[in-house]
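Engineer: What follows is a single structure, and I will ask about it in a moment.
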Amino acid sequence: MSTKKRNWKPQTALVHGGTLRSQYGETAEAMYLTQGYVYETAQAAEARFKGEEPGFIYSRYANPTVDMFEKRMCALEGAEDARATASGMAAVSAALLCSVKAGDHIVAARALFGSCRWVVETLAPRYGIQATLIDGTDIANWEKAVRPNTKLFFLESPTNPTLEVVDIAAVAKLANSIGARVIVDNVFATPLQQKPLQLGAHIVVY
């Protein structure tokens, strides 16, 4: 079931977003536990693995169950695409490391989940990525922290558990003016209470 361009309320998106039914007509989403898939021919398998034909390869990449979840999150967030990971920290690490490279600079609000701070303060520097932590509640601090090599802003709002609120729209405006991306950890607000993409963020993680 396609969820594109549907003006669904959150309740409907939570129930029907990304729904995929098999030929058996189940009334609830099936749990696909397979690791691999059967192909009609060796040529068909080759085309699938090369990305020449659509479809699933291994469940470690995706399967129908994960695909439904990703489409449901897109429906809730108003996002173009989504990627499910095994954990929230895998999502955060992937989002950050896919957005910057060695020599780049990250500006992050200091009020982050502890493991997120570890990624910014400890993991990123191992890859030659610089980071500056600031009081994210004042947009002036974001402006002062910008360097010529700043490529990413990272924040959580509202923060857990201190409930600090960052002006996502203002941070996004600043980021766009310098060609940087904004990643928002939205785990505390959830897409039911806040949609960072509508405020200008480029990536949302949970």
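Engineer: Going through the cross-link list LYS50/LYS195; LYS71/LYS144; LYS101/LYS195; LYS50/LYS71; LYS71/LYS151, which pairs have a Cα-Cα distance over 32 Å in this structure?
Structural biologist: Numbers: LYS50/LYS195 35 Å; LYS71/LYS144 38 Å; LYS101/LYS195 27 Å; LYS50/LYS71 23 Å; LYS71/LYS151 28 Å.
Cα-Cα > 32 Å for LYS50/LYS195; LYS71/LYS144; rest within.
Engineer: Moving to a separate point now. Which is farthest toward the positive dipole end of segment 4-90 among GLY51, GLY25, LEU14, measuring Cα position about the Cα centre, with Cβ charges +1 (Lys, Arg) and -1 (Asp, Glu)?
Structural biologist: LEU14
Engineer: In whole Hz, with x marking every Gly and Pro, tabulate ³J(HN,Hα) for segment 190-199 from phi via Karplus 6.51 cos²θ - 1.76 cosθ + 1.60, θ = phi - 60°.
Structural biologist: Going residue by residue, I get 6, x, 6, 10, 7, 10, x, 4, 6, 8 Hz, with x marking Gly and Pro.
Engineer: Something else about it: Just one of (i) 1.34; (ii) 1.16; (iii) 1.08 is Cα Rg over 2.2 N^0.38 Å as worked out from the coordinates here. Which one is it?
Structural biologist: (ii)
Engineer: TYR37 to ASN149: FRET efficiency via 1/(1 + (r/R0)^6), r the Cβ-Cβ distance, R0 41 Å, to the nearest 0.05? Before the final figure, lay out each step's value.
Structural biologist: On the way: r = 43 Å, r/R0 = 1.05.
Efficiency, rounded to the nearest 0.05: 0.45.
Engineer: Calculate the dipole size of the chain relative to its Cα centre from +1 charges on Lys and Arg beta carbons and -1 charges on Asp and Glu beta carbons; express the result in debye to the nearest 20.
Structural biologist: Details: 21 positive and 20 negative charges, 44 e Å.
Here the size comes out at about 220 debye.
Engineer: Here is a further query. Could you work out the helix-only [θ] at 222 nm for the chain, with each DSSP H run of four or more residues adding -39,500 (n - 2.57) and the total divided by the number of residues, to the nearest 500 deg cm²/dmol? Write out the running numbers ahead of the final one.
Structural biologist: Values: 8 runs with 66 residues, N = 206.
My calculation for the chain gives -8500 deg cm²/dmol from helical runs alone.
Engineer: Now a separate question. Given +1 on the Cβ of Lys and Arg, -1 on the Cβ of Asp and Glu, and no further charges, what dipole in debye does segment 145-206 carry about its Cα centre, rounded to the nearest 20? Don't skip to the answer; put the middle values down first.
Structural biologist: Values: 5 positive and 4 negative charges, 60 e Å.
With only Lys, Arg, Asp and Glu charged at Cβ, the dipole is about 280 debye.
Engineer: Another one. Please go through segment 9-61 and write out the trypsin sites (Lys or Arg not before Pro) that DSSP classes as loop and that have at most 16 other C-beta atoms within 10 Å. Could you put the intermediate results ahead of the total?
Structural biologist: On the way: sites: ARG21, ARG48, LYS50, ARG60; in loops: ARG21, LYS50, ARG60.
For trypsin sites (Lys or Arg not before Pro) across segment 9-61 that sit outside H, G, I, E and B with at most 16 neighbouring Cβ atoms in 10 Å, the list reads ARG21, LYS50, ARG60.
Engineer: From the phi angles alone, apply the Karplus equation (6.51, -1.76, 1.60; θ = phi - 60°) to segment 94-110 and give each ³J(HN,Hα) in whole Hz, x where the residue is Gly or Pro.
Structural biologist: Karplus-based 3J(HN,Hα) across segment 94-110 equals 5, 4, 5, 6, 7, 9, 9, 9, 4, x, 7, 10, 10, 10, 10, 5, 6 Hz.
Values in this text are rule-based calculations from the coordinates and carry no lab data. Computed from a prediction, not measured in an experiment: that's the story for all the values here. Quick reminder, even Gly has a Cβ in these numbers, built from the backbone with ideal geometry, and neighbours come from all protein chains shown.
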